[in-house]
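For reference, the structure is listed below as structure tokens.
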Amino acid sequence: MISKELNAQSMCIHAGESINESRAVVQPIYQTSTFRFDSTSHGAALFAGRQEGYIYTRMGNPTIRAMEEAVATLEKGKRALGCGSGMAAVNTVFSAELSAGDHVVCSQVVYGPTMTLLNTVYKRFGVTADFVDTSDTDQVIRALKPTTRLVYIESPGNPTIELSDIQKIAHAAHNAGAVLAVDNTFLSPWFQNPLALGADIVIHSLTKFINGHADVIGGIVVVKDDETYKRYRSVLNQTGGVIDPFNAFLVHRGIKTLGLRMERHAQNGMAVARFLEAHPKIDWVRYPGLKSHPQYELGQRQHSGPGGVMAFELKGGFSAGETLLNSVEMCALAVSLGGVESLIQHPASMTHASLGKEQRLAARVTDGLIRLSVGIESCDDIIADLTQALDRIP
Ligand code: LCS
């Protein structure tokens with residue numbers, strides 16, 4: 001059994017270890033759909049919840065459980081629920097928290113499908129949502145209603161990298177009888193712990209920094225207490241969007257290098273952001289590590305590092321951006337983020353296309369906005385690639 005007092009770097013290596021009942025140093029992959037009962041009474045006791053144990057992999061599996069324990073530990077939460085994708089994690093929160101007649105206050109800067117899920121499926125189920133600029137806490141306070149059940153934010157927000165004040169928003173949500181869920185995908189638990197700042201629920205797309213190797217789709221919900229865990233587990237058992245043991249194994253392996261990777265993402269991110277900010281063809285850069293970020297001071301209080309994702313716009317607008325995107329060689333023109341490789345994409349036509357122009361522009365996702373996820377390659381190579389691509393812009 002490991003101590004909760006381990007240093008964060010050691011915790012990345014050892015969190016989740018206590019779930020392993022074998023003598024294997026690494027949690028084995030329990031590639032099984034179901035588990036034997038000792039007897040009918042044992043099976044009945046497991047189903048009734050009178051005894052702890054594994055029944056059926058949709059309801060729990062030791063490989064998944066070890067990965068869940070690792071993320072819950074790193075996020076300073078109580079328990080976690082491994083989901084089949086980040087969107088399955090978002091949907092687990094929505095379906096566990098929301099009923100017909102409930103109201104949601106959601107940041108206008110969130111991953112496109114999160115907003116679209118509220119605007120389509122949950123709207124059909126009688127849930128209403130207001131999308132506000134949560135970088136301004138007063139807008140959150142003004143949007144809260146007696147029926148508000150959930151406040152939902154990303155900080156930094158995808159893709160504009162705007163920050164929201166987690167502590168103040170948690171306070172406002174609680175005063176209104178609502179819960180605060182924070183999507184912490186962009187900074188990972190290495191740089192930010194929303195539960196420690198007062199949030200009630202944390203979600204991640206594991207697909208991104210936590211797994212870190214662009215070879216898994218997964219998500220997770222982290223909660224603070226056993227009662228919430230049981231309620232969420234029951235919803236996830238019924239809706240079925242669980243991660244599978246092999247992907248959970250890969251994610252758990254990725255977690256062991258989370259600290260090393262995040263530090264390198266941030267180091268490269270700082271150098272690339274400074275390079276872009278000084279480049280004559282760049283109009284502006286938004287990255288939490290730059291003093292020019294409008295909420296730099298909030299970032300310094302709220303997280304311990306800037307992560308690896310930035311947004312910028314070129315002076316030549318979208319046509320210049322298009323040349324850049326089509327000219328990169330080592331950096332990949334691809335959606336997603338948080339992997340070891342640098343990825344660059346165009347939110348207006350890709351990750352945030354589902355929003356429609358009006359909603360997109362309200363969220364400041366302009367046609368010229370470019371999002372760059374800086375990987376952990378040699379920083380000189382990333383900058384050389386961007387330099388040659390920028391040189392092609394007339
Ligand atoms: N939350 C955030 C902040 C995300 O960026 C994403 C995916 C999700 C949730 C959903 O996670 P998934 O289901 O894909 O595991 N973001 C993506 C992006 O910006 N480009 O491609 C996917």
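The values are calculated or read from the model by the stated rules, or taken from the named source; none is laboratory data. The structure presented is a predicted model; accordingly, all values stated were derived computationally and were not measured. All Cβ positions, even for glycine, are placed from backbone atoms using ideal geometry, and neighbour counts span all protein chains on display. For accessibility, only protein heavy atoms count, side chains too; no ligands or nucleic acids. Shrake-Rupley method; radii C 1.70, N 1.55, O 1.52, S 1.80 Å.
Annotations
- Just one of the listed residues (Glu5, Glu21) is closer than 29 Å to Glu263 by Cβ and outside any helix (DSSP H, G or I), and it is Glu5.
- In region 332-356, residue farthest from the ligand (Cβ to nearest atom) [restricted to those that are assigned to a loop (DSSP other than H, G, I, E, B) and among the hydrophobic types (A, V, I, L, M, F, W, C)]: Val340
- For region 197-214, residues that are more than 10 Å from the ligand (Cβ to nearest atom) and charged (D, E, K, R) total 1.
- Checked against (1) part of a loop (DSSP other than H, G, I, E, B); (2) open to solvent by 30 Å² or more (accessible area, probe 1.4 Å); (3) closer than 28 Å to Asn193 by Cβ, Glu329 passes all but a single condition, namely (3).
- With respect to (1) within 16 Å of the ligand (Cβ to nearest atom); (2) more than 16 Å from the chain's Cα centre (by Cα), the lone exception for Cys83 is condition (2).
- Matching entry among Gly212, Gly219 (being surrounded by 24 or more Cβ atoms within 10 Å (Cβ to Cβ) and in contact with a strand residue (DSSP E or B) (Cβ under 8 Å, 6 or more places away or on another chain)): Gly219
- Close pairs from region 245-265: first under 12 Å from Ile29 (Cα atoms), partner acidic (Asp, Glu) and at pLDDT 95 or above, Cβ under 7 Å, at least 6 apart: Leu250/Asp215
- Qualifying residue in region 280-301 (condition: more than 15 Å from the ligand (Cβ to nearest atom), among the hydrophobic types (A, V, I, L, M, F, W, C) and in a loop (DSSP other than H, G, I, E, B)): yes
- The condition (being surrounded by 19 or more Cβ atoms within 10 Å (Cβ to Cβ), touching a residue at least 24 places away in the same chain (Cβ under 8 Å) and in contact with a Lys or Arg (Cβ under 6 Å, 6 or more places away or on another chain)) is satisfied by just one residue among Ala143, Ala129, Ala88, Ala72: Ala72.
Listed here are the residues, each with its yes/no results for (1) within 29 Å of Pro189 (Cβ to Cβ); (2) more than 25 Å from the chain's Cα centre (by Cα); (3) open to solvent by less than 70 Å² (accessible area, probe 1.4 Å).
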| residue | (1), (2), (3) |
| --- | --- |
| Gly16 | yes, no, yes |
| Ile19 | yes, no, yes |
| Ala24 | yes, yes, yes |
| Gln27 | yes, no, yes |
| Phe35 | no, yes, yes |
| Ser41 | no, yes, no |
| Ala44 | no, yes, yes |
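- The residues of region 169-192 that are away from the ligand (no atom under 15 Å from the Cβ) and under 21 Å from Glu97 (Cα atoms), listed by number, are Ile169, Ala170, His171, Ala172, Ala173, His174, Asn175, Ala176, Gly177, Ala178, Val179, Leu180.
- Selection status of Lys291, more than 23 Å from Lys208 (Cβ to Cβ), assigned by TED's automatic domain parsing to the domain that holds Thr366, open to solvent by 40 Å² or more (accessible area, probe 1.4 Å) and free of Cβ contacts under 8 Å to residues at least 24 places away in the same chain: yes
- Gly269 in a loop (DSSP other than H, G, I, E, B) and either open to solvent by less than 10 Å² (accessible area, probe 1.4 Å) or of a type outside the set (D, E, K, R) (or both): no
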